[in-house]
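Bear in mind these aren't lab numbers, they're just calculated from the coordinates by the rules spelled out. Predicted model, so just to flag it, every value in this text is computed and none were measured. Cβ: placed from backbone, ideal geometry, glycine included. Neighbour counts: every protein chain shown.
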Amino acid sequence: MATTRDYPQDLYPGDYPADGVDTWNEREQPAEEHRPQRRPARSRVDEWMDKDVKFLGGSRVKRKALALILLGAPGVLPLFFMMPALLTLNENTFSVSVDDTLGTGAELCLFLSLLVTPMITLTGSRWFFPLRRWYGILMACCGIGDGIAAGITDTFAGGFLAKLTEHTFTLVGFMMVLLVIPLLLTGNPWAQRKLGKYWKRLHALIYVIWGLLAVHLMTLEGFGFEQGNNGSGFAGDGDPIFHQRLYQYSAASLFLLTLRLPPVKRWIAAREKEGRRWLIYATIGPVFALFIFAMIFIINEELFKGINSFRETPSAE
Amino acid sequence: MVDRSYESDFWESAVRGRRPESRRPYARDDQEPSTTAGGVILTFVALLSTVLVIAGLIYATGMSARHKAAAAASFCEPALFITGLPCINQFMETRQYEGIVNPAIQQLISESAAYTANEHHNLAAAEAALNAEVSTEHALGTSLSALMYTPQSKAASVGLITNAASFGNPVPMAAVIFTPQITVIADALVRDLQALAQLTGEQARSSSLSQLRSFNARIRAATIAVQGEMQLVHKAVETPPTASQEPCAPCI
């Protein structure tokens, strides 16, 4: 579960040096007085979140802890949805809808994990930083679960490895699962300390996974152009565009990618320095709205397929 | 004197793999960080997003109408979909089941009548009627088994539905299969039918009319079991749709 324990500051994958995008090291940075002004280490929201509140039974708990639990809890839903099928070993439910339930769940968790850094850039608050790790772990669990279940229960021909590699989209998915394993194994403070500077480089693999997801979705649904067979949307659906996974991915990724670009981050820092935060929000607003728009359809897909999987009446729509 | 600082920067970058000092953004003391590129990128992305969001919202307003049009085009009524089987509604399920069971029942009734007419005086004719019954019972069991819900039958059904929708054709009846719930009851029916067919087969191998008639009580009991299962399946598939939900006649 999301933890409120703070990592040592020097081990934080920096929110300003844009995890893996910006490659300038300390030596190459400009003189101190010309660097973009960093936000104060702790914003007012961070301080407010650090205060204790009375919780059930009068015990005191940090606001941050409560907020993190609330924000992190939905992440377990994809795994929860598949739990009845797992407990009853219902092969049919796994065969029909595990890819939609756990696969879409992994996509959602990836986006939520990637959302943390842009939100730190925008708000200056860091209290929700542990969610990045939490959603990253859940993304790995969903992805690996999807891979294992697909290898065992898919209706494709052949054995475990054949099922995972005989189609382009399954092969790409399999590669993503392989890449996510080292991230899951090293996604803890101990590994972070042991790996030192290499930890961040290793975890830049998440961007490779992000890119591979585009290829996975492209090959899954006819490169975004096909409907029905090899594409999105079923008979009677009528909304192949909104249900096209590649479009959902692209619309959600635009916000996540833009806020990671060093020139954009410099622009935001400069506007903040000028005290024109409204301009930042006015500019980012439409991009964020597009992100929310895409996420609504991804979440809708997850809930629809997930609830059907939970009832063990899986939907292949 | 010629300023060679840029050159030295260049060589330093070549040797050490670093970007020349003078080319780094906001590297000089008298230079403010350049934010033009960021502004341009963000403006472009914001405009693109605005257009896409507005287009998406406009497109979303037609969602309901598109669903109805798509349903009509593929002769489907989403409100009646049985969970997990797109475009297969209760009405189609009933028609498919009745299409298989009703002729078989008619056949069994006439074969049973032929047996009853001959059981006291014509062994060969009675046995022929019983053998015909066995064939009908086997055929009915096989037809019902083909409707069972399995991952394979579901995949085949989904393929047929998708193909039909892609080409704007009605959903074929071959795509209709039982739901998982009905499959459980139908499975029991098929087992009872097999038991009845086996018993009828034994009866048909009787060497005398008295031996033939000695099976009658057991056959009656087995038939009652089959009829009971049939009623259960019939009840499960036959949930009549309301008048407003009955546009699906053309899809059959």
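The phi-based Karplus calculation (6.51 cos²θ - 1.76 cosθ + 1.60; θ = phi - 60°) puts the 3J(HN,Hα) values of the stretch B:51-64 at 4, 5, 5, 5, 4, x, 5, 5, 4, 5, 5, x, 4, 5 Hz, whole numbers, x for Gly and Pro. Averaged over the residues of peptide A:261-269, the number of Cβ atoms from other protein chains lying within 10 Å of each residue's Cβ is 6.
For the segment A:150-158, counting C-beta atoms of other chains within 10 Å of every residue's C-beta and taking the mean gives 1.
Taking every residue in A:278-286 and counting other chain Cβ atoms within 10 Å of its Cβ, the average works out to 3. The phi torsions of the stretch B:177-186, fed into the Karplus equation with coefficients 6.51, -1.76 and 1.60 and a -60° offset, translate into couplings of 10, 5, 6, x, 5, 5, 4, 4, 5, 5 Hz, rounded to whole numbers, with Gly and Pro shown as x. Taking 22 Å as the limit for the C-alpha separation, the pairs A:Lys51/A:Lys273; A:Lys305/B:Lys154; A:Lys163/A:Lys200 exceed it in the case of A:Lys51/A:Lys273; A:Lys163/A:Lys200. Close amide H partners of A:Lys62, meaning residues 5 or more places away or on another chain with modelled amide H under 5 Å apart, are A:Val53. Modelled this way, with points 7 Å down the Cα-to-C-beta line, the labels at A:Phe156 and B:Ser34 are 4.7 nm from one another.
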